[in-house]
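The values are calculated or read from the model by the stated rules, or taken from the named source; none is laboratory data. Treat the numbers as computed from the prediction; the structure is a model and nothing was measured. No Cβ is skipped: glycine too gets one built from the backbone with ideal geometry, and neighbour counts run over all protein chains shown.
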Amino acid sequence: MDQNLKFKSNKKIRIAIIGGSYDSTISKSHLRSILASNKFRIACGCFSRNKNNNGKNSENYSIPKEKIYNDYQKLINLEHKNIDIALILTPPHNKYNIYYELAKKNIGIISEKPFEGNLKKANKIYKFLKKKKIFFLTTYNYLGYPAILEIKNFLKKIGKVNNIILEMPQQGSTLNKNIIKKWRTKDLTIPNLHLDLASHLLSIIIYIFNQLPVEVNSFESKNIKKLYVDNAYTWLKFKNFIGQLWFSKNATGKRNDLSIKIFGSKGGLEWKHKNPEVINFYDNQGNVNIINRLSKNVKYLNNKKLFTYTAGHPSGFLDAFINIYEEIYLLYNKKKKSTMFLSLKDNLNIISVLDKIHYSSTKKTWQKILLKN
């Protein structure tokens, strides 16, 4: 962490919000979690370049109007002495310049995933942030789910991993009443589908296995009307096992049906977002074992600090976000090692893999990946 960061022990972290207009669904999750943790104070914000939208954010979160800006550069220039961290909620392709301006002022950065939307820019800003030693975290909210954290502890029970299947199907591009933001319908070097969904799957893979694939091959299909990628099947080669991803926004009837399946020489593990507090463990004797909050020999699933209420009252998406902000506070105050966050290098490597996944689809052949070591 940079020595110039202006944090005082046990005081609320002063946070600026950049991006995440009042109509942004992910913005609401971040801001409500920030407030629920009671460890941050929203000092100022530039939620939108639209003055009316900015005003609505001011009203929703009781931020003084004079602390709302229509230009993020003006916010940084005028408020850099009054903030410790900035939360970036802009689309991926808009982050590079914001990172750069914040890092110049030695302001810590929390970014909604993914790290960036372009591999060349990601490489460049990675080097700059690493040199400046800026406090930097990217939020992959599913790593705040206790069950996903728990899966890693049970890997040894299934023996040698043979293959994995991760899926994240949604129906966003086929639902008639769904209004899709314009920027999501304009793919650049890496499709927005990959940045939005596949980045989550890769973050989970890094957390559980501490590695990413060395080769990828993918088949992608496009939305007929809008001509942006909205469905992909991807095959992965790791050092010692193989894997498959399916991530889609044209899966009618599917409402974020995230699932994780891991198959080993002695058993298998399965987790589904629809039942977030349960892991199914299958052994090679044909038995099915349910791992949940009342199970013995678990590390995260029975940790009361990670849940808002007792067993029988399921935690979920917002609870995971609150867990993430609780941990950000401790990490920023140097009170613990990271449980729910990837390194800056890992964030860059995810962009490298996403880039190759898309490239393999255009070339219709396997592509090797050069990861940052």
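Scanning region 252-269 for residues that are within 19 Å of GLY117 (Cβ to Cβ) and buried (at least 20 other Cβ atoms within 10 Å of the Cβ) turns up nothing.
Matching residues to (1) within 23 Å of PHE321 (Cβ to Cβ); (2) modelled with pLDDT of 95 or more:
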{"site": "ILE85", "(1), (2)": "yes, yes"}
{"site": "HIS93", "(1), (2)": "no, no"}
{"site": "ILE107", "(1), (2)": "yes, yes"}
{"site": "LYS121", "(1), (2)": "no, yes"}
{"site": "LYS124", "(1), (2)": "no, yes"}
{"site": "PHE128", "(1), (2)": "no, yes"}
{"site": "PHE136", "(1), (2)": "yes, yes"}
{"site": "LEU143", "(1), (2)": "yes, yes"}
{"site": "GLY159", "(1), (2)": "no, yes"}
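Taking each residue of region 1-21 that is more than 28 Å from ARG49 (Cα to Cα) and looking for partners that are at pLDDT below 95 and loosely packed, with under 13 Cβ neighbours inside 10 Å with beta-carbon atoms closer than 8 Å, six or more apart or interchain, yields MET1/LYS334.
The rows are residues; the columns are (1) hydroxyl-bearing (Ser, Thr, Tyr); (2) surrounded by fewer than 23 Cβ atoms within 10 Å (Cβ to Cβ); (3) without any contact (Cβ under 8 Å) to a residue 12 or more places away in the chain; (4) part of a helix (DSSP H, G or I).
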| residue | (1), (2), (3), (4) |
| --- | --- |
| ARG184 | no, yes, no, yes |
| LEU188 | no, yes, no, no |
| SER203 | yes, no, no, yes |
| GLN211 | no, yes, no, no |
| VAL216 | no, no, no, no |
| LEU227 | no, yes, yes, no |
| TRP235 | no, yes, no, no |
| ASN240 | no, yes, no, no |
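In the set (1) touching a Phe, Trp or Tyr at 6+ places or on another chain (Cβ under 7 Å); (2) crowded, with 18+ Cβ neighbours inside 10 Å; (3) under 30 Å from TRP366 (Cα atoms), LEU306 fails one condition alone, (3).
Here are some residues: LEU197, LEU269. Which one is closer than 20 Å to PRO92 by Cβ and modelled with pLDDT of 95 or more? The conditions single out LEU197.
Checking the condition within 30 Å of TRP235 (Cβ to Cβ), part of a loop (DSSP other than H, G, I, E, B) and either among the aromatic types (Phe, Trp, Tyr) or in contact (Cβ under 8 Å) with a residue 24 or more places away in the chain (or both), which residue from LEU342, LEU354, LEU301, LEU269 passes? After applying the criteria, what remains is LEU342. Taking every residue in region 150-167 that is assigned by TED's automatic domain parsing to the domain that holds VAL216 and pairing it with any residue that is of a type in the set (D, E, K, R), at least 6 positions away or on another chain, the pairs with Cβ-Cβ distances below 6 Å are ASN153/LYS299; ILE158/LYS266; GLY159/LYS266; ILE165/LYS261. Here ASN280 fits the description: at pLDDT 95 or above, outside any loop (DSSP other than H, G, I, E, B) and more than 30 Å from THR189 (Cα to Cα).
Residue-by-condition table, conditions (1) at pLDDT 95 or above; (2) within 25 Å of ASN192 (Cβ to Cβ); (3) touching a strand residue (DSSP E or B) at 6+ places or on another chain (Cβ under 9 Å):
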position	(1), (2), (3)
SER27	no, yes, yes
HIS30	no, yes, yes
LEU35	no, no, yes
GLU79	yes, no, yes
PHE115	yes, yes, yes
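Quick grid of which residues meet (1) in the same structural domain as MET168 (by TED's automatic domain parsing); (2) touching a strand residue (DSSP E or B) at 6+ places or on another chain (Cβ under 7 Å); (3) of a type outside the set (S, T, N, Q):
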position: ASN289; (1), (2), (3): yes, yes, no
position: LEU294; (1), (2), (3): yes, no, yes
position: ASN297; (1), (2), (3): yes, no, no
position: ILE322; (1), (2), (3): no, no, yes
position: ILE357; (1), (2), (3): yes, yes, yes
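Restricting region 37-77 to residues that are part of a helix (DSSP H, G or I), out of contact with any strand residue (DSSP E or B) (no Cβ under 8 Å at 6 or more places or on another chain) and modelled with pLDDT under 85 leaves a set whose member that is farthest from GLY108 (Cα to Cα) is ASN52.
Restricting region 312-328 to residues that are over 23 Å from LEU137 (Cα atoms) and either exposed (fewer than 13 other Cβ atoms within 10 Å of the Cβ) or in contact with a helix residue (DSSP H, G or I) (Cβ under 9 Å, 6 or more places away or on another chain) (or both) leaves a set whose member that is modelled with the highest pLDDT is SER315. Each residue in region 329-339 was checked for being surrounded by fewer than 16 Cβ atoms within 10 Å (Cβ to Cβ) and assigned to a helix (DSSP H, G or I), and 1 of them qualify.
Return the only residue of LYS157, LYS152 being assigned to a helix (DSSP H, G or I), farther than 28 Å from LEU318 by Cβ and of a type outside the set (Phe, Trp, Tyr).
Just a single option satisfies the conditions, and that option is LYS157.
What are the pairs, 6+ residues apart or on separate chains, where a residue within region 79-94 that is in contact (Cβ under 8 Å) with a residue 40 or more places away in the chain and part of a helix (DSSP H, G or I) has its Cβ under 7 Å from a residue that is crowded, with 23+ Cβ neighbours inside 10 Å and hydrophobic (A, V, I, L, M, F, W, C)? Pairs found: GLU79/ALA16; PRO92/LEU195.
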